[in-house]
Amino acid sequence: MTARHGTGPRRSDAPGERPVPPLARLAGPGGKLVEIVSGAGVAGDPPVGGALVGGAPVGGAPVGGAPVGGAEVRLGRDGAAEPHLRVPLHVLFTASTGRPWRFRPADPASVRVLPPGSGGDGIVATARAGELSVRLELGFGREGMLELRTTWRNDTGERLVDVAAGLLLPLPVQDACLTMPGVLYNDNPSSDPAREVPHIGFVCEEHRLPIPAVNAAWDGRYLSLFAHPGPVRDEEDGSVAYGSLGAVRAPGLAVTAMTGVIAFNGRPDVCYVSKAETAGRPLGYRDLAPGAEITTRHSLDWGEVEPRGFGFRTLVHTRLYRDEGAAPLSVDEIVRLKTDAMDSRWNGDGHLAYEGVRHGRPRSYLYGWTGQAMKLALCEAILGVEDGQDERIERARRAADFYVHGGRTPVRGLHAARYLVDEDRWESFRKDGWGDFVSSRAHGETITDLAALALLFRQAGLKVPHAWEEAVTDAASVFWHTRLPEGVVPVGWSPWGTPVSGMVSAAGVACVLAMLGAYRLSGERVWLLRAEEVLAAYHREHAATYERPFAHATLDASGEDKEAGMYFFLAAYELHRLTGDERYAGWAEAAADWLLTFVYVWSPEFAAGSTFARRGFKAAGWPAVSVQNHHLDVFFPTSELLEFGLSTGRPRYAERAVRILHAMGQGICREPGDWGFRTPGEQGEGFFQTNWQRTGEANTWNPSWVIALPLYHALRMRKVRWTG
């Protein structure tokens, strides 16, 4: 890193501007440049206002150095015709006291730039924002990123209460593709407008973000702001608070990092507390005694990206965060415990969707989505074939036969999703406005697993009932012939086989996998060609630019979710395996990156006395769920991510997959009473790492997918002894 002060005239940044000598300049890795220039030649500061914004800047005493009112920081690259981003320094700094918090820029006349050597190795800028002085230290550091160390100080003689301070980075456009990992993707365009879901104007706790960062992409450029979370623990009650990040309109589009205060869609002090629910909950305010300070650290990265919707990919492979996560169980131990739980669910013709009637649900077999009865049958078969256990093979056969023959509807190729054991009847899903329907996501999953079970039987030299193969091809025919005009499978079908909605979504991508199952079973190339055509339609709709990413796979939510992206990744990877076409490997890699934005790369700390604090729970490696459901769960294509990484020469994905599987070993009951369960191998569906439901706790809601998914992936991954 080199730092120079007053390096001579620089090029003009716009027609008609005269060259402005930089006050200070840093050259970083990869040709990155940071310059601070005076206000001479600058057309004017971007306006600051809006719902979260206060009145005129508050003046104050100078901090030191020579005054440079109107100075701005410019991020660029060596040889570039213009800066990547220009931010007036007084706009960059924002602070307020009192509730509700608001954006209040610093006093322009108070901005100072200290020459190198007087304040550190890099550039130092100071200013006054309201009652606070602020000092910003800039220098290139890890990963070639610009490091920002900001210190806010109460220089008054009085105690300041309800302080909110931070950084505001206005963007040069009104329309950029914004990503806040796990919670906001390009303003969540597929989310139900009638539901409370994050949109621009969302400022949230760092611990709500799997990667604590915000990415903005526009006009071939991207900017990523990363936080370095540091817990602030209350000495009295042991609670923990972190800083906050957001994407706002102030009134122009901007990225912000605050000292912990929050906002929901432009409303300050509103917290997203549960599924589509908010509550007034002032968080993150700080009280500062005279002379007290708040120090934050952030990193800035910028560069080129095209299309702009791919900006999220620049976040995924950062090595700023080194937390390896937890690994309380070996893969073999996970298999053993989950197998015990699976055995406890066996009921003669299938596996129960819930642990008896513990949660007040009727005893049932549920296929796809939260039930995964066919996935459990596949796990039985894998264990039976590997260990020579005829009883398990017979269980798998019986479960598949029961579904194939018992779940038929009047429409050939469609099956009911649930069997009520004590009532001896089948039923479909039901949704307001649609009535009874067959979910394409759930049906596609189930048929895919049925095809995999048939293939496993065939490879093991076991007889494959013709009815199984027929059920797969019949379902694949329905998937193909009922496509929407856009070429994708509908979200579901009525009892008469017609689409229940014309909504374009990624819910039915699992049906592409079922078509590929039909191809592998029958050998008929038409199914391969059809699968390629349908996946290409999904690619056009969701994955060509990721500006409208995968959504609507979960049946109890309505928005962008990782489960929708899972099946695109799986289908693209399967097509690559079957065809060798590198295009599909590229599709799978981009989808894997999108999925990994939901996976924690760090581990927040938890309140003293909470279950997570007592048990040393680590979030690193855990996937979050969706932009609507801000908790952790085990639904992830873990083993396929491992295989993809190893088979395509992308080992970083294999490394992540191993970390994910081991992280999911947390929360598994090892003995009666552990984690609130009576049966070893049981595990909760939800782990709450943020202020969404019960922070630092896990629930005991345990539908059978919490057994099926970890067991399936552990069975497949224990064959690969990963050495890194």
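The values are calculated or read from the model by the stated rules, or taken from the named source; none is laboratory data. Everything quoted here is computed from the prediction, not taken from an experiment. We place every Cβ from the backbone using ideal geometry, glycine too, and count neighbours over all the protein chains shown. All accessible areas refer to the heavy atoms of the entire protein, side chains included, with ligands and DNA or RNA removed. Shrake-Rupley method; radii C 1.70, N 1.55, O 1.52, S 1.80 Å.
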>> From Cα pairs below 8 angstrom and at least 6 apart in sequence, can you work out the relative contact order of segment 141-215, rounded to a whole percent?
In response: 25 percent
> Modelled label-to-label distance, Asn347 and His466, 7 Å Cα→beta-carbon offset: nm?
Replying inline: 3.2 nm
> Once amide H atoms are placed 1.01 Å from N in the peptide plane, what residues at a sequence separation of 5 or more from Phe264, or on another chain, have their amide H within under 5 Å of its amide H?
Replying inline: Val203, Asp269, Val270
> Along the Cα-to-C-beta direction of Ala276, a point sits 7 Å from the Cα; which residues of segment 544-565 have their amide N less than 19 Å from that point?
Replying inline: 551-564
> Mind ordering 608-614, 518-524 by average Cβ neighbours within 10 Å, highest first?
Replying inline: 518-524, 608-614
> Hey, can you rank 295-301, 85-91 by average C-beta count inside 10 Å, highest first?
Replying inline: 85-91, 295-301
> Glu158 to Glu655: FRET efficiency via 1/(1 + (r/R0)^6), r the Cβ-Cβ distance, R0 51 Å, to the nearest 0.05?
Replying inline: 0.45
> Tell me, what ³J(HN,Hα) does each residue in segment 373-380 have, in order and in whole Hz, if you take phi through Karplus 6.51 cos²θ - 1.76 cosθ + 1.60 with θ = phi - 60° and put x for Gly and Pro?
Replying inline: 4, 6, 5, 5, 4, 5, 4, 4
> If amide H atoms are built 1.01 Å from N in the plane of the peptide, which residues on other chains or at least 5 residues away come under 5 Å of the amide H of Val273?
Replying inline: Thr278, Ala279
>> Treating segment 652-724 as a set of equal point scatterers at the Cα positions, no solvent, please give the Debye-formula log₁₀ I(q)/I(0) at q = 0.26 Å⁻¹.
In response: -1.18
> Over segment 520-590, what percent of the accessible surface lies on carbon and sulfur atoms, probe 1.4 Å?
Replying inline: 43 percent
>> Sort 472-481, 666-675, 566-575 by packing, meaning the average of other beta carbons within 10 Å per residue, with the highest value first.
In response: 566-575, 472-481, 666-675
> Asp287 versus Asp192, label points 7 Å from Cα toward the beta carbon: distance in nm?
Replying inline: 4.2 nm
> Over all directions, what mean area does the Cα convex hull of segment 594-707 project, stated in square nanometres?
Replying inline: 7.3 nm²
> Within straight cross-link reach of Lys463, meaning Cα distance under 14 Å, which aspartates and glutamates are found once same-chain residues fewer than 8 apart are removed?
Replying inline: Asp390, Glu394, Asp401
>> Can you give me the accessible area per residue for the chain, using a 1.4 Å probe, in Å²?
In response: 35 Å²
> Binning every alpha carbon pair distance of segment 200-333 at 5 Å from zero, what are the percents per bin?
Replying inline: 2, 9, 15, 18, 18, 16, 11, 6, 4, 1, 0, 0
> Of Lys338/Lys618; Lys431/Lys562; Lys275/Lys562; Lys338/Lys562, which pairs sit farther than 19 Å apart, going by alpha carbon to alpha carbon?
Replying inline: Lys338/Lys618; Lys431/Lys562; Lys338/Lys562
> Amide H to amide H under 5 Å from Leu171: which residues, 5+ apart in sequence or cross-chain, H placed 1.01 Å off N in plane?
Replying inline: Leu253, Ala254, Val255
>> What does the charge count around Thr648 come to, taking other residues whose C-beta lies under 15 Å from its C-beta (Lys +1, Arg +1, Asp -1, Glu -1)?
In response: -3
> So what is the calculated 222 nm ellipticity per residue for the chain, using -39500 (n - 2.57) for each DSSP H run with n of 4 or more, over all residues, to the nearest 500 deg cm²/dmol?
Replying inline: -8500 deg cm²/dmol
> What is the chain's relative contact order, in percent, from Cα pairs under 8 angstrom and six or more apart in sequence?
Replying inline: 12 percent
> With each pseudo-label sitting 7 Å past Cα toward Cβ, what's the Arg267-Arg614 distance in nm, one decimal?
Replying inline: 3.5 nm
> If you roll a 1.4 Å probe over segment 264-398 with all protein chains in place, what percent of the accessible area is carbon or sulfur?
Replying inline: 44 percent
>> Starting from 0.36 nm per residue, how many nanometres of slack lie between Val720 and His481 once their C-alpha separation is accounted for?
In response: 82.1 nm
> Can you pull the percent of segment 599-724's accessible area that's carbon plus sulfur, 1.4 Å probe, other chains left in place?
Replying inline: 47 percent
> For the chain, what is the convex hull volume of its Cα atoms per residue in Å³?
Replying inline: 155 Å³
>> I need the P(r) histogram for segment 459-504: all alpha carbon pairs, bin width 10 Å from 0 out to the longest distance, whole percents.
In response: 25, 40, 20, 14, 2
>> So if I average 1/r over every pair of distinct C-alpha atoms in segment 401-462 and take the inverse, what Kirkwood radius in Å does that give?
In response: 13.0 Å
>> Below 8 Å between Cα atoms, with a sequence gap of 6+, how large is the relative contact order for segment 342-455 in percent?
In response: 26 percent
